[in-house]
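Working notes, beginning with the structure itself.
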Amino acid sequence: MARPVKQGLSYFPKDVDFYNDYKIMDLLEKYGPIGVTVYDVILTEIYRHGYYLEEPIDRVAANITRIIGSKWVQKRLVSQVILDCGDLGLFEKNLLSHGVMTSVGIQRRYSTVTSRSKASKEKYWLMDKDSQPLLSAPENPVSEPETGVFDAKTGVNDEEIPQKESKENKTKEKKKIGQEPQGGPAPVPVFRLLMLNGEWYPVYQEEINRYRDLYPAIDVEQEYRKMIGWIDSHPENRKTPNGIQKFINGWLNRAQDSARPKLENRKTANRFHNFEEREIDYDAMMVKEWGGS
């Protein structure tokens, strides 16, 4: 009996210019080393199975949290990193929305390693016979009625969606992709805040710049990171879509009020320091403000 062809890899190559990739730079800018660690672990999981990983994002996030350790990272932060990897182009965004993690770069490396093997390269394959990215949808796109892939954004099995509606959505998506070069790509959120209804509130660079002008005494981007951590550890106090903006304004306003007096005092008391220190108990502050709302 012939030996079955192995789909997964025992190793995969990693470019020495990995950290000079603009996508990786953007990931580091948002999440620091933990973001790249999450992405790196996912790569090992993908190549262990082949050239794609077909799992709900929530399940992948739980597994990554177990591998890295809950002491260092939380499941919801991992989920957010995965979604942002799609926005940054590290994963193919359309497939990611159906719980399939892969990309042209991932498949190119896989193809290089398996060039002499007969491993199947059909399902979710994103390149043509010349190893060039397909200009349209993949030849083997996600088939909702046949695969019943779990949609990580809506939490609904695709089998529950009527076939006609599915085809209409695909047509709209193709039209949307075709229009992007003319109008430019949609802006990528810098941060996402999880709301009470399970949806994500996107924070764009324009909003961050506006708050920098309003609250000059604080590091606005760092405050957003603290919000993400606070929301993650206080799920019972997440905000509704109508209340999320009030929450952000309240947080930044109190951070500004707490930072300014200390900054002014240190200008005279610590003349030789070229940095500012902040000691703000955000948990106590926000639980007091929002815990009962």
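The values are calculated or read from the model by the stated rules, or taken from the named source; none is laboratory data. From a predicted model like this one, the values you see are computed outputs, not experimental measurements. Positions of Cβ are backbone-derived with ideal geometry, glycine not excepted, and every protein chain shown enters the neighbour counts.
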- Task: Kindly indicate whether any position in the stretch 73-96 is small (Gly, Ala, Ser), at pLDDT 90 or above and on the phi < 0 side of the Ramachandran plot.
- Result: yes
- Message: I need a count of the residues in the stretch 56-89 that are buried (at least 20 other Cβ atoms within 10 Å of the Cβ) and not in a helix (DSSP H, G or I).
- Response: 1
- Task: Within the stretch 16-29, track down each residue that is under 19 Å from residue 75 (Cβ atoms) and surrounded by fewer than 19 Cβ atoms within 10 Å (Cβ to Cβ).
- Result: none
- Mind checking whether some residue in the stretch 192-210 is surrounded by 14 or more Cβ atoms within 10 Å (Cβ to Cβ), outside the structural domain of residue 83 (by TED's automatic domain parsing) and farther than 21 Å from residue 79 by Cα? yes
- Task: Taking the options 223, 276, 289, name whichever one is assigned to a helix (DSSP H, G or I), surrounded by 11 or more Cβ atoms within 10 Å (Cβ to Cβ), modelled with pLDDT under 90 and not small (Gly, Ala, Ser).
- Result: 289
